[in-house]
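What follows is a short report on a single structure.
We did not get these values from a lab; they are worked out from the coordinates using the rules stated. These numbers come from a predicted model, not from an experiment. Here the Cβ positions follow ideal geometry from the backbone for every residue, glycine too, while neighbour counts run over all protein chains shown.
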Amino acid sequence: PDHWLKYPDPWEIARPRETVQVPLACSFHLDGATLRSVPNHPTHFLGVPYDRPVVGYGGRNINTLRLWGATSPDFFDFGEFSSGDFVGAVLKRLAAETVTRVLYPDDSTAAGQGLRFLQEYFLVSCSLADIIVRFRRRNNDWRALPDKVAIQMNDTHPAMAVAELMRILIDDAKLGWDEAWDLTVRTLAYTNHTLLPEALEKWPVWFFELVCPRLLDIIYEVNRRFLDQVRATCPGDEGMVQRVSLIEESPVRQVRMENLAIVGTHSTNGVAAIHSELIRTRLVPDLARIFPARFNNKTNGVTPRRWLLLANPDLAKLISDTLGTDWVSDLSQLRRLVPMAEDPAFRDDFRKARRKAKERFARWLKSSTGEVVDPATVFHSQIKRIHEYKRQLLNVLHIIVLYNRLREDPNLEMPPRTFFFAGKAAPGYKLAKLIIKLIGNVGRVIDADRATRGRLKVVFVPNYGVTMAERLIPATDVAEQISTAGFEASGTSNMKFMMNGALTVGTRDGATIEMAEEVGEDNIFLFGLTAEQVESSRAWYSPLWHYENEPETRQAIDLMFSNHFSLGESGVFEPIHEALFAKRDHYMHLADLTSYARAHSAVAELYRNPEEWTRKAVLNVACSGRFSSDRTIAEYAAEIWKVGPCPVARNGLDKEFRQDERSGSADEPPGF
C-alpha cells in the first residue's frame, strides 16, 4: 500500500468549515489489537475537504482538486481517558482516519476488502454531498441538476454514486422515484478502464447491509424495475435476465458494480477503439444490446505540457524553433514536422536533443540509485504496473534469449542494450512481486557475467512515479508495449514515449493500434497474436508445444528454471513455471516469444542505420498529436458532458492588474 500522507503537501488547504457527515449503520470497537465492526450501532464519520490548486497552462485558469480526509466527531473522549482507557479515548478518531490513511490497501483479505469498500462509500458520500451543496447554492429547481452538474465515474470504484444520488434525491429532496431516476441517469456517466474480470468489482451484499443498508434497498429496487423491463423486452430469456442483473446470486450474493454503473448512467465509454469494441462485444454484450446508444469511445490522451514541454526541454526547444510555440496548446501542429524527417540537418539536431536526454537521465540515475548506465547503448523501457497481462515476464524471457545468444557467441554482432523496468505491484499480488524479483536477479547475473558485460544490462528503477517517468521517457529509444492483445484498455505511457521520439515494439492492443494507424505500421514494430487470435486459440493453446518446438524458447525456459538466476534460493521461481505450464500460460507469453524476438531483431537492424532510425523517430513525434489530453477532454465535454469551453481573455486579466502594476502593489489577485 502507498502511505500517501507520509509527507505534508504545502499546496493543500484544509477546509474544516465545509466538513460533511457520512452516516454508517455500524460502529467500531477494539478487540485486542484488532479493530472490529459493531453491526446495527449507527454512527458517522466526518469528511474534511482538502483543496489543491490545479493551475492551467499559462496560469490563467485555476481549478481545484478536492480530496477528503476522514475523522470522527468524537475526537477525544475525556471520560475514557480519565478512567484509564487511554487507547479507547482516541479509538473513534483512529478508526475514522484509517479510512483515508492508506492508498490502495491490500484487498486479498476480507479485512482489506472491507476497508476498500468503506473507502469507496466514504469518498462517494463526501463528494456527492459536496456537489449537491454547491448546486443548491444557486439552484432551487432539482430539474436543473443534469444541466448544471456532470459526474464522470472512473471505473467501478465510485459506482455507488448511482445509489447514493438516488438516496439524496428521494430521501432528502423528496422527489418521486421516476423523476429521481431520470435525473440520476442524466447526471452520471461511466468510463470503463479495464477488461480484467478481477478488476470489475463485485461487493458482497452483507457489506452493504453492515455499512449502508439504505443503498442496498435502492439497488434492489433499481434491479427489480430494470429486470421487469428486460423481461418485457426479451420475454422468456431468463439467461439474459441473470447475466444483466445487478445482483449475482451465487456462490455468494454480490452486487455487480459494473452493471450498476452501466444501468444507472447515460454514457459508457472505453478508452481506446479496440477496448470500447471489446466492452460491447465481449464484456457486456447483453447490456450493449439493451442500451446501444449509451456506448461510445474516448481514446485516452496525455498532456504535452508535462510530457514533452517540461520533461524534454531540448526536444521541445527544437520543435519550437522549427514550428513556433502553438503546438504547446494545439498538438496537431506537430504534423508540420513530417517534412523535417527528410531534412538531414533537422535529424542531426533531433539526435543531439535525444542524446542530451539520455545523458541527463544517466546522471540522475547514478546520483539517485548508484546505478551506472551507458547512454551509448539502446535504452529499452517498460514502465507500468506489474501484471501478468502486461507481460514483463515476456520481456525477461527475451532478455534471457539474448543472454544465451551472447554466451554461445561472444562475437555476435548486436547493438549494446540497456533494459529498464519500473512499476509497482498490487500489495497482495505475489506472482507480480516474484516477477520483480526475477528481473532484479537476471540483472545481477548478467552484470556478473563477463560474456555480456557492457553489451546487455537490466535495471529495475525503484519507486516508480511521475517524477521518475519524466526523466526516463525522454531518454528511451524503444518503448515496450507488449501486453497480451485484448487485455490492455488503452495505455498512456505508449503515447508519452511516442511524443518523445521513442520507437514502439508492441502488440495490436489498446491505443497502440491507433498509434500505428497515425504513424504507419512501417514506423512501428508490431508483433504477436491479435485479440481475435488470442480468443480463438484459447481452447487449444499449448505452451508445451512452443517449449518443445522452438529451441530458443526451450533454452530460455531451461536456464530460468535451472536455478541459474535463483542466487542461492533454489526453486524460488517455481510459481512462474507453474503459471506458464500447469496453468497453461493464460497470457500467452510463449505464443508470442518468437515473434517478439523477431521484432527485436528488426529493431537491432534498424538501429545500425542512425539516419533511418531518426527519420522514423521524427515521424513518431510528428504523428503523436491525436494523443493529446486536450483532444480527449474536448470529446468528453462535447459528447458526454454537453458543455462548451469558457475562454479566459488575457485582456480581462490585464485590466484587473493594470492599477496594481502602475502602483507596484503586490496584492493577491482576485479569488485568492
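Descriptive notes on the structure:
- FRET efficiency for GLU611 and ARG101, using Cβ-Cβ distance with R0 set to 51 Å, rounded to 0.05: 0.40
- Overall dimensions of region 561-600, expressed as equivalent-ellipsoid semi-axes from the Cα gyration tensor (√(5λ), whole Å, largest first), are 23, 15, 5.
- Straightening the chain between ALA451 and LEU196 buys 87.7 nm, computed as 0.36 nm per residue apart minus the Cα-Cα spacing.
- Of the trypsin sites (Lys or Arg not before Pro) found in region 189-271, those in coil by DSSP whose Cβ has at most 16 other Cβ atoms within 10 Å are ARG253.
- With the simple model of a label 7 Å out from the Cα in the direction of the Cβ, ASP217 to ASP321 spans 7.0 nm.
- Percent antiparallel among DSSP beta bridges (both partners in the chain, rounded to 5): 50 percent
- Cut-off 14 Å (backbone N to label point 7 Å along Cα→Cβ of ALA173), residues of region 127-142: 128-142
- Net +/- balance of residues flanking SER483 in space, Cβ distance below 15 Å, scoring K and R +1, D and E -1: -3
- For region 405-510, trypsin sites (Lys or Arg not before Pro) meeting the loop criterion (DSSP other than H, G, I, E, B) and having at most 16 other Cβ atoms within 10 Å: ARG450, ARG453.
- Cα centroid separation - region 560-618 against region 417-488, whole Å: 12 Å
- Applying a DSSP loop filter and a limit of 11 other Cβ atoms within 10 Å to the GluC sites (Glu not before Pro) in region 229-305 leaves GLU249.
- Share antiparallel - DSSP beta bridges, region 13-297, percent rounded to 5: 75 percent
- Extension gain, LYS352-ARG224: 0.36 nm per intervening residue step, less the Cα-Cα distance, totals 39.6 nm.
- The Rg/Rh ratio of the chain, with Rg taken over Cα atoms and Rh as the Kirkwood radius over Cα pairs, comes to 0.98.
- For VAL378, distant residues with modelled amide H under 5 Å away: ARG417, THR418
- Mean separation of Cα contacts under 8 Å, 6 or more apart, over the residue count of the chain: relative contact order %: 12 percent
- The angle between the Cα long axis of helix 551-560 and the main principal axis of the chain comes to about 60°, on a 0 to 90 degree scale.
- Global geometry of region 210-288, whether rounded, prolate or oblate, following the gyration tensor of its Cα atoms and the 1.5 cut on a/c: oblate
- P(r) for region 13-297, from all Cα pairs and a bin width of 10 Å, is 6, 25, 33, 23, 10, 3, 0 %, short bins first.
- Comparing VAL22, PRO235, LEU65 along the charge dipole axis of region 13-297, the residue lying farthest to the positive side is LEU65, per the Cβ-charge model.
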